[in-house]
Amino acid sequence: MLSDVQRKKFTYLFKVMDTEKNGNINKNDFLIYVRNYASLYDLNVDSPAYDKLKSSALHWWTKIHDLIDKDKDLEITLQEWLAFQTMYTEELVQRDDTQHLYSFVITLFDLVDKNSDGAVGLSEYTQFLRAWGIETDFKAVFRRLTGPDSDTLTRNDFVNLLWEFYTSSDPDAAGNYIFGPFSPDDPLCTGGVIKQFLTRLFN
């Protein structure tokens, strides 16, 4: 069973990924993400960078659709989403093996790592979140993820942070922030715009 903190995190992520705001996640949500990203950062639709972004985004959609969409109607409901996350989180805890996350991490990391150099910097992280429509203090959140001694995130960092996102019930765990703060009451939600974004997301 998911803890209250875990349920809040997964519900937040579902609502972020539902870019159409129609109560489900589908392929078009990922295509909207691609278009948002291209528009924000002037990517030509005929460029290799655009092709890479679209391919990575649709690969992520295919993965979660195959795993979560039990009735195969090409839409993932919040109920299906939370049921899968409950099962998957329990499996992760039982195995106690971060490498079980690795295939998902590779898909996500490739989506964020725009220049394919094996390290995600603040700019790439900010671009990733903004394309999903997320508003937050990107610099403060990124520092929460990297810690004081690094300016980038590696694949292994993503594994460890996603492990915390999935398994931790500690509201202060760094991995909780990999998709931005998930509650308007979070101390990092210092600006009115951020609180408005999160409040609007859950209403």
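FYI, it's all coordinate maths here, none of it is from the lab. Not measured: the values here are computed from a predicted model. Glycine also receives a Cβ, built like all others from the backbone with ideal geometry; neighbour counts cover every protein chain displayed.
Worth a mention:
- Label-to-label distance, nm, for residues given as K8 and T154 (7 Å Cα→Cβ offset): 3.2 nm
- Translational D in µm²/s for segment 36-134 (Stokes-Einstein at 4 °C, 1.567 mPa s, Kirkwood Rh from C-alpha pairs): 85 µm²/s
- Pairs exceeding 20 Å between alpha-carbon atoms, taken from K54/K139; K27/K72; K9/K54; K52/K114; K27/K52: K54/K139; K9/K54.
- Here's the picture: charge each Lys and Arg Cβ at +1 and each Asp and Glu Cβ at -1 in the chain, and of I178, N22, Q127 the one pushed furthest to the positive end of that dipole is N22.
- Axial C-alpha extent at least 27 Å, average Kyte-Doolittle at least -0.5 - helices from the chain (DSSP): 48-68
- Label separation (D46 vs A119): 3.5 nm, computed from points 7 Å beyond Cα along the C-beta direction.
- Using only alpha-carbon positions in segment 4-202, the gyration tensor eigenvalues give semi-axes of 22, 21, 19 Å once each is multiplied by 5 and square-rooted (largest first).
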